[in-house]
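One structure below.
The values are calculated or read from the model by the stated rules, or taken from the named source; none is laboratory data. Everything quoted here is computed from the prediction, not taken from an experiment. All Cβ positions, glycine included, derive from the backbone under ideal geometry; neighbour counts span all protein chains shown. The accessibility values were calculated without ligands, DNA or RNA, using every heavy atom of the protein model including side chains. Shrake-Rupley method; radii C 1.70, N 1.55, O 1.52, S 1.80 Å.
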Amino acid sequence: MIFKSSTTAVPEVAAVPRHVAIIMDGNGRWATKRLLPRVAGHVKGVEAVRGCVESCVERGIEYLTLFAFSSENWRRPEEEVSLLMRLFVTALEREVSKMHANDIRLKVVGDLSRFDVKLRDMIANAERRTANNSRLTLTICANYGGRWDIMQATNKMVAANPGVTEFTEAQLAAHLAMAYAPEPDLFIRTGGEERISNFLLWQLAYSELYFTDTFWPDFSIESLDMAIASYQSRERRFGRTGDQLAEKKT
Ligand code: IPE
Ligand code: IPE
Ligand code: MG
């Protein structure tokens, strides 16, 4: 299924965002504030993911996309990187059955070639097992970078069309790692920073942006509802004027 792109057509806007994408930031600072090692923040962060997935299911959100590890996060100390990998493996081991029972489809996107074979197999199995679930599509972005995504899509598009030198947005979009999902309606970043950090660069073109100082481990149902309330107060114009929107409503 091909979704309408926000730059080539005006999408229908629903009261509840269909697709929420989150940069889960602030795990380390959450821990440091409590005089705990950074890892404690990541462990607590996994719990927050569980709560967030449940809340999204309850609210009828169809796509939840979480930035778990960026292509730049390899720059962290080796110890922290390997701990994050272990946490990822444990979370997959523990959660996939529950996800499947709750009709959740799991996708993991990013350059997975840098992960070890065991983790890659686990991901492939989890994706296969949950492929036909339809209540919520949970995407974990792991070793993901927005620029990596645009480049890998470009390379695939060119390879699929030998000799062609001009392409459309739609042709490129069809090769993006998340071509199976509509563009995010609502983007959330926790942890106080107000930047995109190489997340979904292409797809965030017309997303509503929401930043909160709350550290990810403290992100609760109430925090999610505040973000949704903020989203609902916005006027999504997609290039049109406010008057045009008002006319459409009457
Ligand atoms: C986000 O929390 C988790 C990952 C990037 C894996 P951080 O680890 O970035 O936490 P802060 O920003 O240092 O507080
Ligand atoms: C962004 O968080 C990536 C993830 C949440 C996985 P970072 O904490 O790595 O972002 P920067 O580098 O501070 O912008
Ligand atoms: Mg951070």
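Quick look at the numbers
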| read-out | value |
| --- | --- |
| Residue-averaged 222 nm ellipticity for the chain, from DSSP H runs of 4+ at -39500 (n - 2.57), nearest 500 | -13500 deg cm²/dmol |
| Per-residue ³J(HN,Hα) for region 6-19, Karplus 6.51 cos²θ - 1.76 cosθ + 1.60, θ = phi - 60°, Hz, x for Gly and Pro | 5, 9, 10, 8, 8, x, 5, 10, 9, 5, 9, x, 6, 10 |
| Charge tally in the Cβ shell below 13 Å around S207, where Lys, Arg are +1 and Asp, Glu are -1, S207 excluded | +1 |
| Sorted largest first, extent of the chain alpha carbons per principal axis (Å) | 54, 47, 35 |
| Förster-model FRET efficiency, 35 Å R0, T165 and F3, C-beta, rounded to 0.05 | 0.85 |
| ³J(HN,Hα), Karplus 6.51/-1.76/1.60, whole Hz, each residue of region 164-169, x for Gly, Pro | 7, 10, 10, 10, 9, 4 |
| Surface accessible to a 1.4 Å probe, per residue, for the residues of the chain, Å² | 53 |
| Restricting region 12-63 to trypsin sites (Lys or Arg not before Pro) in coil, as DSSP defines it, with at most 16 other Cβ within 10 Å | R34, R59 |
| Fraction of accessible area attributable to carbon and sulfur, region 21-234 (%, probe 1.4 Å) | 52 |
| Those lysines that a straight Cα-Cα span of less than 25 Å connects to K248, excepting residues fewer than 8 apart in one chain | K4 |
| Net lengthening on full extension, S97/F238 (0.36 nm per residue, minus Cα-Cα) | 46.8 nm |
| Amide H contacts of G26 (H built 1.01 Å from N, under 5 Å, at least 5 apart or other chain) | W216 |
